[in-house]
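The structure appears right after this line, and notes come after that.
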Amino acid sequence: QPIGFLNISVNIRMTVLRLADGSLMVKDPIAPTGECLAMLKSLGEVRHIVLGSTALEHKVFCRAFVDKFPEASFYAPPGLFNYLPGYSDFTPRGLGLLVDLVRPVRITGYLTPGFAAASLNGVDYPASERPGWADEVSHELLFFDAPIANAAEVAFFHKRTRSLLVTDSVTYINSTSEDWMTRRGMRDRSFPLNLYPKEWSPARKKATDMMQVLTVQTPYKDEDLAALTDKLYVCPQLRLFVFETDPALVLEWVARVSKWDFARVIPSHFDVAEGASRRDFQDAFSFISDRKGSGQLAPLPGDHALGVQKLVQVILRRTLFKERLEAGRMTPLEYAQEEDGEYR
C-alpha cells in the first residue's frame with residue numbers, strides 16, 4: 001500500500017508466508033481493505049500474524065487487521081508501549097503511545113528470545129507459548145532501551161525459501177526497475193511538487209522518489225543515485241538516532257542474523273533485494289563495524305539537512321545518552337569534538 005506526504009510517495013509492504021501445513025503467516029499487517037482481504041482469501045487461511053517493529057506506520061493498522069482474523073495468533077515485539085511520564089501501568093497490553101492506549105489489541109505472545117520471559121526497560125514480559133510457525137521461521141530481536149522510548153525490530157528467517165524478512169533496519173532501492181506506484185501514476189504530480197527532469201526514465205523517477213525518504217531533499221546528482229541505490233542501506237535517521245546509540249548491541253544482532261544463510265532480503269519498504277547475502281547485510285552496518293572504511297559501503301548522502309541531523313545527534317549524546325557515552329557504549333563521532341580535544 002502507498003503512504004505519502006507532499007512530494008514523497010513510499011510503499012509499505014506486508015509479507016505473506018505459506019507454511020508447510022498450507023496456512024498463511026502475515027508479517028507487518030497493512031490496512032485491511034476489501035482488496036487486501038480478498039487477495040489473502042485467495043491464498044488461503046491466515047492463522048498467524050506477526051509485527052516486526054514498534055514503528056507507528058507498521059503498528060497503526062494492527063488492531064483493525066487482527067480483528068479481521070479472530071482465530072489467528074498474534075505475536076508482537078516487546079516495547080510496544082512507549083514511556084509516558086507518570087504512567088506506569090502497562091496493561092492492557094496494547095501497541096504503543098496514544099493511538100493504542102485508546103485501542104488496545106489482543107496479543108498472543110511476545111517475540112522475545114526463545115519466547116522466554118524477559119524484563120526490558122522496566123517492563124516484565126511473560127513467557128509465550130511457542131507458536132506453530134517457529135519450526136519454519138526463526139526470529140531475532142533487536143531492542144533499544146532508550147530513556148524516553150522503546151524501539152524494537154525483529155528479523156525473521158523463512159528457512160524453506162531462504163528469505164530474510166526485516167521491517168525498517170535495512171532498505172533496498174533498485175535503480176533500474178519500476179514499481180506498481182509508478183505504473184499507476186502515483187508519482188506523477190503537478191508543479192511545484194514534481195521537480196523531476198522530463199528526460200528521466202520511470203525507473204529513475206521511482207528511485208529518486210524513494211531516496212527522498214532517506215535524504216529529505218531531492219538528490220539530482222548521479223553520484224547520489226549510485227551511493228544510495230542497488231545495495232542494502234540503513235536509513236540515515238535510524239543510523240544516527242537509533243543504531244549508533246548502542247553499536248555493540250546492533251553488532252551482536254547483525255552477527256546473529258548473519259548466521260542465517262539467506263538469499264534475499266524483504267524489507268517492509270522500497271524494493272526486495274533478490275540475491276542479497278549475509279555479506280551485503282553486514283556491509284550495510286559497516287558504519288559501526290568499520291567506521292573509517294564505511295564511506296564506500298555505507299555512505300551518508302550529501303544532504304543539506306544532514307548537518308541538522310548530526311547536530312541533533314550530538315545534543316542527544318550530551319543529554320539523554322550522556323551516561324551511555326561516558327560508559328563507552330557509543331562510538332565516538334568524528335564530527336563532534338569536545339573542548340578537551342576528545343571526539344564524542
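Overview of values
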quantity	calculated
Any hit, segment 265-283, residues being closer than 26 Å to residue 180 by Cα and basic (Lys, Arg)	no
Candidate set: segment 31-78, residues that are β-branched (Val, Ile, Thr) and out of contact with any helix residue (DSSP H, G or I) (no Cβ under 9 Å at 6 or more places or on another chain); chosen: the one surrounded by the fewest Cβ atoms within 10 Å (Cβ to Cβ)	33
Filtered residues of segment 31-56 (kept if without any contact (Cβ under 8 Å) to a residue 40 or more places away in the chain and assigned to a helix (DSSP H, G or I))	34, 35, 36, 37, 38, 39, 40, 41, 42, 43
Residue 130, sole failed condition from (1) at pLDDT 85 or above; (2) open to solvent by 70 Å² or more (accessible area, probe 1.4 Å); (3) in a strand (DSSP E or B)	(3)
Cβ pairs under 8 Å, 6+ apart, first in segment 234-252 and outside any helix (DSSP H, G or I), second open to solvent by less than 20 Å² (accessible area, probe 1.4 Å) and not aromatic (Phe, Trp, Tyr)	234/169; 234/170; 234/171; 234/284; 234/298; 235/171; 235/214; 246/330
Answer residue from segment 15-30, given it is assigned to a strand (DSSP E or B) and open to solvent by 10 Å² or more (accessible area, probe 1.4 Å) and is nearest to residue 266 (Cα to Cα) among those	15
Some residue of segment 255-263 being in contact with a strand residue (DSSP E or B) (Cβ under 9 Å, 6 or more places away or on another chain), part of a helix (DSSP H, G or I), modelled with pLDDT of 95 or more and on the phi < 0 side of the Ramachandran plot	yes
Test set (1) open to solvent by less than 10 Å² (accessible area, probe 1.4 Å); (2) under 16 Å from the mean Cα position of the chain (by Cα) - residue 140 fails condition number	(1)
Segment 169-185 - residue that is among the β-branched types (Val, Ile, Thr) and not in a loop (DSSP other than H, G, I, E, B) and, of those, surrounded by the most Cβ atoms within 10 Å (Cβ to Cβ)	171
Any hit, segment 156-168, residues being more than 15 Å from residue 276 (Cα to Cα), open to solvent by less than 20 Å² (accessible area, probe 1.4 Å), in contact with a Gly (Cβ under 7 Å, 6 or more places away or on another chain) and not in a strand (DSSP E or B)	yes
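Table: residues versus (1) open to solvent by 70 Å² or more (accessible area, probe 1.4 Å); (2) at pLDDT 95 or above; (3) of a type in the set (Ser, Thr, Tyr); (4) under 23 Å from the mean Cα position of the chain (by Cα).
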{"position": "83", "(1), (2), (3), (4)": "yes, no, yes, yes"}
{"position": "90", "(1), (2), (3), (4)": "no, no, no, no"}
{"position": "102", "(1), (2), (3), (4)": "yes, no, no, no"}
{"position": "111", "(1), (2), (3), (4)": "no, yes, no, yes"}
{"position": "124", "(1), (2), (3), (4)": "yes, no, no, no"}
{"position": "136", "(1), (2), (3), (4)": "no, yes, no, yes"}
{"position": "146", "(1), (2), (3), (4)": "no, no, no, yes"}
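The values are calculated or read from the model by the stated rules, or taken from the named source; none is laboratory data. Keep in mind it's a predicted model, so treat the numbers as computed, not measured. All Cβ positions, glycine included, derive from the backbone under ideal geometry; neighbour counts span all protein chains shown. Please note that ligands, DNA and RNA were not included when accessible areas were found on the heavy atoms of the full protein model with its side chains. Shrake-Rupley method; radii C 1.70, N 1.55, O 1.52, S 1.80 Å.
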